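Written out below as structure tokens is the structure these notes cover.
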Amino acid sequence: MKVPFLDLKTEYVELHDEILQALDRVAQKSAFVLGEEVEAFEREFADFCGTKHCVALNSGTAALHLGLLGLGVHADHEVITTPNTFVATAEAISYCDATPVFVDIDPATANIDPKLLERAITSRTRAVIPVHLYGRPADMDPIREICARRGVRILEDAAQAHGATYRGRRVGGLGQAAAFSFYPTKNLGAWGEGGAITTDDDQIANFARAARSHGQSARYEHEFVGFNYRMQGFQGAILRIKLRRLYAWNAKRRDFAREYRTLLAGARVEIPADDPRGECVYHQFVVYTANRNALASKLAAREIETAVHYPRPVHLQPAYSSLGFPAGTFPHSERACERVLSLPVHPGLSMDQIAYVANSVREIVGDK
Ligand SMILES: Cc1ncc(COP(=O)(O)O)c(C=O)c1O
């Protein structure tokens, strides 16, 4: 049995007619950049997240960048995040000429460890970016308490967590602003690049709307030096259609995760416990093992594709060597990167495929 890591084709077959009609609507109006479909998506996604505003952009990286600028981050500032993330989280800090400061993860959650956060805050700290990695919300209550007390702002990196909840509240509205990615592989994915900022803050939303369009307040009136970070019309139309399926797709991911947990109980791999504080949306379902590469190649021999998110923490990437953090600085993040393996969990799979993956993993690693 073949088990692809990702299968965007099944989704296309399911949505074919609806999507082509929506693309035709955009083309008929030549609304290729922003336009009615994007505006409608902004309203619908803001409603979904329970926020006042959504500003649609052309990538999650752009959303992180404008989110930080909207929080007033500039060259004198430090911004805290974890090294166990996709490099874009740190890049956005660098784009503001600010300094990334890393805090290690809690190995139980793979997210920033709130217990380590406070001692990383200095007089230069302007913001924290908690990353909801793999679709699991970071532990926001202690993070919000510390940040409120120390005057530090929060930009959620929700690129992997569309629809996840923390104590009953959707991610996207748990800080001053949040950044989402709609890269095609995400739980809510466009047919190309896409991203958005969600926020309740009028000033941040107004800033992001102007900044995505060359700092423009009215046609050819440029208040400040901005960017071309606008969402394409086609992407807005597609995202509206897919947003209506997101509940069902996320529910399927959660069912698959539950099945993996049941079938892998007692096997010689570590599986992070499900989060009692909220609903993880399982952008990835990860396991940890000392023999990650061997497990991946034995699964590949059984036609099961896997992936590694991520093989190297950001502080050990050549791009960030100038920060001067040697190996050993963030031991939990480093250990996670050495041992993590993502198993297929996308909603195009069947329960039989999930069972085949789980049984294969169990046969390969053995029982505890
Ligand atoms: C955690 C995280 N942050 C940021 C990004 C950047 O998003 P994009 O690829 O849309 O720029 C991604 C997506 O790859 C991500 O996974």
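So which of Ala307, Ala290, Ala336, Ala319 ends up being more than 16 Å from the ligand (Cβ to nearest atom) and of a type in the set (Gly, Ala, Ser)?
Ala290
Scan the stretch 302-320 for residues that are in a helix (DSSP H, G or I) and either closer than 28 Å to Ser360 by Cβ or open to solvent by 80 Å² or more (accessible area, probe 1.4 Å) (or both) and report the count.
Here the count works out to 1.
Is there a residue being open to solvent by less than 10 Å² (accessible area, probe 1.4 Å), of a type outside the set (A, V, I, L, M, F, W, C) and within 14 Å of the ligand (Cβ to nearest atom) anywhere in the stretch 126-133?
Scanning the stretch 126-133, I find at least one residue that is open to solvent by less than 10 Å² (accessible area, probe 1.4 Å), of a type outside the set (A, V, I, L, M, F, W, C) and within 14 Å of the ligand (Cβ to nearest atom), so the answer is yes.
Residue check: is Gly194 within 11 Å of the ligand (Cβ to nearest atom) and surrounded by 24 or more Cβ atoms within 10 Å (Cβ to Cβ)?
yes
Kindly state which helices (runs of 4 or more DSSP H) lie completely within the stretch 11-119 and contain at least 1 residues that are modelled with pLDDT of 95 or more and within 16 Å of the ligand (Cβ to nearest atom).
Output list reads 36-49, 60-70, 88-95.
Please count how many residues of the stretch 151-191 are more than 10 Å from the ligand (Cβ to nearest atom) and either free of Cβ contacts under 8 Å to residues at least 12 places away in the same chain or in a loop (DSSP other than H, G, I, E, B) (or both).
Total meeting the criteria: 16.
Which residue pairs have Cβ atoms under 7 Å apart, sit 6 or more places apart or on different chains, and have a first residue in the stretch 326-339 that is among the aromatic types (Phe, Trp, Tyr) and a second that is assigned to a helix (DSSP H, G or I) and open to solvent by less than 70 Å² (accessible area, probe 1.4 Å)?
Within 7 Å, the pairs are Phe330/His315.
The values are calculated or read from the model by the stated rules, or taken from the named source; none is laboratory data. All of these numbers come straight from a predicted model, not from anything done at the bench. Cβ: placed from backbone, ideal geometry, glycine included. Neighbour counts: every protein chain shown. Remember, those area values only see protein heavy atoms, side chains included, never the ligands or the DNA or RNA. Shrake-Rupley method; radii C 1.70, N 1.55, O 1.52, S 1.80 Å.
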